[in-house]
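Nothing in this text is a laboratory measurement; each read-out follows from the coordinates by a stated rule. Quick caveat: nothing in here was measured; it's all calculated off a predicted structure. Here the Cβ is made from the backbone with ideal geometry for all residues, glycine too, and neighbour counts use every protein chain on show.
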Amino acid sequence: MGREIHYEVFKRVGARGGWTLHDVRNDREISLSLAKELMATDQATGVKVVKETYNDDTGDYLTLKIFEDGHNQMKIEPAQEEADGLDHAGKFKQSLLAGHLRMKDNLQQQIAQFVF
């Protein structure tokens, strides 16, 4: 049963960025060092290293995340957002209410057209 092992280094750029493959190495320590260097030099807001083991007999990959680090930067601090008037739950409730009122107005207009 033959096995091949490699390490994939992924990075994320920006608070909402998705994971992109940055590099693939055969050495675990080099992969970990590369991921840590990306974070230390601010080239990424998040990194992860995934160990991929290929099984020749089955043709399957076994994937295992061995390292992850990162941070997300918020555009507005939560305290500032609440000071602006509404928290997330309040905004959601207002959105639901606005949708309900639009549906109610539409229904009243349809009834008025049908009745008169």
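Stretching the chain fully between residue 24 and residue 61 yields a gain of 11.8 nm (0.36 nm per residue, less the alpha carbon separation). Applying 1/(1 + (r/R0)^6) with r as the Cβ-Cβ distance of residue 39 and residue 16 and R0 = 22 angstrom yields a FRET efficiency of 0.80.
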